[in-house]
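Derivation of every value follows stated rules applied to the coordinates shown; laboratory data play no part. Because the structure is a prediction, the values reported are computed rather than measured. All Cβ positions, glycine included, derive from the backbone under ideal geometry; neighbour counts span all protein chains shown.
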Amino acid sequence: MAVELEFERPIIELRKKITELKEFTKNADVDLSSEIQKLEGRLAKLEEDIYENIKPWDRVQIARHPERPTTLDYISFLFENFFECHGDRTFADDEAIVGGIAKFKGLPVTVIGHQRGKDTKENIRRNFGMPHPEGYRKALRLMKQADKFRRPIICFIDTKGAYPGKAAEERGQSEAIARNLFEMAGLHVPVICIVIGEGGSGGALALGVGNRIYMLENSTYSVISPEGAAAILWKDAAHAKTAAETMKITAPDLKGLGVIDEIIPEIKGGAHKDVKKQAEEIEKILTASLKELLHLSEEELIADRYNRFRTIGEYGLINDLLSVN
Amino acid sequence: MALKDLFTKNQVKKKKYATIPTEAAKNDVPEGIMTKCPSCKKIMYTKELSKNVKVCLHCEHHFPMNSKERIASFIDEGSFQELNENMISGNPLQFPGYLEKLEADRQKTSLNEAVITGIGTVGGHKIVTAIMDSTFRMGSMGSVVGEKITLAIEKADELSVPFIIFTASGGARMQEGALSLMQMAKTSVALKKFSNHGGLIISIMTHPTTGGVSASFASLGDFNFAEPGALIGFAGRRVIEQSIREKLPEDFQTAEFLLKHGQLDAIISRLDLVEKITDILDIHQPRGEITWQ
């Protein structure tokens with residue numbers, strides 16, 4: 001059964017009513033077609049109203065939808081001959097991150113992404129898409145390999161965050177994330193990052209130092225989950241809905257702040273309604289982006305990435321403040 | 001009553017800080033004339049403690065040090081030139097109450113932000129340094145902290161001198177949302193550029209170094225050091241305990257724990273810091289021809 005989201009309920013109920021009426025006219029000998037038509041008109045308007053005015057908290061729900069397409073779902077639609085590579089060569093294979101080589105419309109590329117599970121069993125295996133240090137080190141190993149063979153790198157970001165565990169700390173979660181930020185800055189190939197679900201803090205950013213950063217329309221990217229922010233700032237996780245708005249975690253908000261470059265439109269109601277169509281939207285922007293970046297030299301790519309992040313932030317000087325007062 | 005007295009006596013012992021305030025102390029020395037060590041519980045003169053770079057005279061417990069005390073204890077006297085001291089945070093998310101909190105901390109600490117950056121010498125060697133201060137917004141990293149550190153790294157690059165950072169931070173500045181997260185990337189890409197040019201990076205982690213700061217520049221030194229007993233880690237202890245449902249060892253996420261797990265080059269006592277860092281700067285040879293004799 002499909003999972004319904006709270007904000008979609010009016011649409012679903014109206015749709016049910018129309019279906020019921022249609023059934024009724026079929027069985028009984030009455031003509032309700034004008035009523036049905038009216039209701040369908042109302043449905044279209046309702047859909048427009050709800051999906052055009054989607055609230056940050058609704059987007060959080062869509063981003064967390066259990067059927068939301070994952071990295072591997074998009075890989076199967078976007079790439080040919082994906083060959084998955086395992087392990088960090090040091091400790092283990094962290095299945096919360098997948099990566100490998102493939103072709104994108106004939107172009108050799110390296111693809112890396114966080115990977116959630118589709119059911120409980122897979123989620124346990126993949127630790128709910130929350131990586132340990134070895135996951136980030138596997139990702140870095142594959143990026144260095146891509147750098148050696150001049151393959152563009154495409155990263156899919158989809159994690160609640162790096163796993164907060166004892167073993168993760170012992171093996172250097174901080175260092176693993178920091179190392180990725182540092183080394184991604186020096187890659188000589190185009191790096192394109194796409195946030196497809198939740199982009200949770202440093203654990204997301206560790207795959208996020210790219211020349212271009214895109215977000216699916218209903219994905220989120222933030223320094224902390226709305227629940228976490230509510231717990232810290234208001235001492236109450238129940239304020240998550242407010243936090244989702246205040247923390248500016250949606251794609252339109254982040255485009256405004258200059259954190260991301262473009263928003264990839266989603267089909268009505270979210271990517272899970274039609275994965276193939278959603279993949280086509282991603283394909284369009286990937287194609288355009290790769291065409292643009294492949295014109296740049298190695299040095300230009302590094303400088304482009306440097307400038308991409310160098311300019312993020314907002315600040316003033318104390319004198320400005322004084323002159324305001 | 002006698003029995004009750006026995007218990008009261010024990011309770012008094014539990015008190016963590018005992019200060020003996022006099023009238024003069026109330027006015028001039030806010031912390032009091034005497035300070036009690038939270039580790040060994042012994043009492044000493046605050047002045048003597050300060051003279052001993054805020055290291056307990058009895059058990060070598062390292063008291064927290066603010067950025068000004070750090071400059072005085074680490075940088076050669078009279079050599080420090082501050083950079084970008086006038087930079088202050090805006091309110092990019094229009095976060096309710098953020099500007100007031102910043103203003104309150106500016107008043108309280110007489111700092112403009114949670115990091116001081118500048119040029120100076122250590123043992124005669126010219127360096128650029130960034131010193132975080134946990135008394136301002138818990139040393140959290142927002143746009144200004146990220147920008148000042150990045151500008152300091154770029155200054156070190158321009159002057160071709162080593163970059164030394166003292167970290168002390170609770171992590172990201174929540175009120176700046178994703179912009180604070182991106183400061184991790186900004187500082188890291190700047191360090192990479194500096195490193196590619198042969199720049200020397202020394203990170204000295206002090207209590208506490210957690211979250212986004214530990215997961216960016218704090219961990220990216222050519223040498224990663226820590227002060228004894230400093231708390232250093234990515235995720236908070238309580239978060240981890242909740243997620244793994246077990247109690248964590250006493251020394252979890254301490255400098256000593258990190259050293260044991262291969263995350264640090266060394267733990268350096270504050271009493272030896274200038275000497276040890278000077279040694280490294282002496283040994284350090286900038287990229288170019290190897291010269292010998």
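Stokes-Einstein D for the stretch A:3-42 at 25 °C, 0.890 mPa s, Kirkwood Rh over Cα pairs, in µm²/s? Answer from the Stokes-Einstein relation: 224 µm²/s.
Shown in residue order for the stretch A:21-28 are the 3J(HN,Hα) couplings computed by the Karplus curve 6.51 cos²θ - 1.76 cosθ + 1.60 at θ = phi - 60°: 4, 4, 4, 4, 5, 4, 7, 8 Hz (x for Gly and Pro). Amide H contacts of residue B:33 (H built 1.01 Å from N, in plane; Pro and chain starts excluded): B:20, B:22 sit under 5 Å, all sequence-distant by 5 or more or on other chains.
Considered as an equivalent ellipsoid built on the Cα gyration tensor, the protein assembly as shown has semi-axes of 48, 31, 23 Å, the largest given first. Among the listed pairs A:118/A:273; A:241/B:186; A:121/A:160; A:55/A:160, a Cα-Cα separation exceeding 22 Å is found for A:241/B:186.
Here, the stretch A:132-173 has an Rg and a Dmax of 12.5, 37 Å when only alpha carbons are counted. Each residue of the stretch B:117-128 was assigned a 3J(HN,Hα) from its phi angle through the Karplus expression (A = 6.51, B = -1.76, C = 1.60, θ = phi - 60°), giving 10, x, 10, x, 10, 10, x, x, 8, 6, 9, 10 Hz with x at Gly and Pro. The share of C-alpha pairs in the stretch A:63-192 whose separation exceeds 25 Å stands at 22 percent. Mean per-residue shielding of peptide B:256-263 is 3, counting Cβ atoms of other chains within 10 Å of each Cβ.
Taking every alpha-carbon pair in the stretch A:173-325 and binning the separations at 5 Å intervals from zero gives 2, 9, 14, 17, 18, 16, 12, 7, 4, 2, 0, 0 percent. Note on the stretch B:157-293: semi-axes of the ellipsoid equivalent to its C-alpha gyration tensor, largest first and rounded to whole Å, are 30, 20, 11. Annotation: Cα Rg of the stretch B:190-269 relative to the compact-globule expectation 2.2 N^0.38 Å equals 1.19. The fraction of all Cα pairs in the stretch A:4-143 landing in successive 5 Å bins from 0 to the largest distance is 2, 9, 13, 12, 11, 10, 9, 9, 8, 6, 5, 3, 2, 1, 0, given as whole percents. Extending 7 Å from the Cα toward the beta-carbon at both residue A:55 and residue A:13 defines two label points whose distance is 1.6 nm. Between residue A:238 and residue A:86, the simple label model (points 7 Å from Cα in the Cβ direction) yields a spacing of 4.7 nm. Fraction of C-alpha pairs exceeding 27 angstrom in chain A: 49 percent, rounded to a whole number. Couplings 3J(HN,Hα) of the stretch A:41-46, computed from phi: x, 5, 4, 4, 5, 4 Hz, in residue order, whole Hz [Karplus 6.51 cos²θ - 1.76 cosθ + 1.60, θ = phi - 60°; x for Gly and Pro].
Using bins of 10 Å that start at zero, the share of Cα-Cα pairs per bin across the stretch A:60-135 amounts to 19, 45, 30, 5, in whole %. Expressed per residue, the C-alpha convex hull volume of the stretch B:65-284 stands at 125 Å³.
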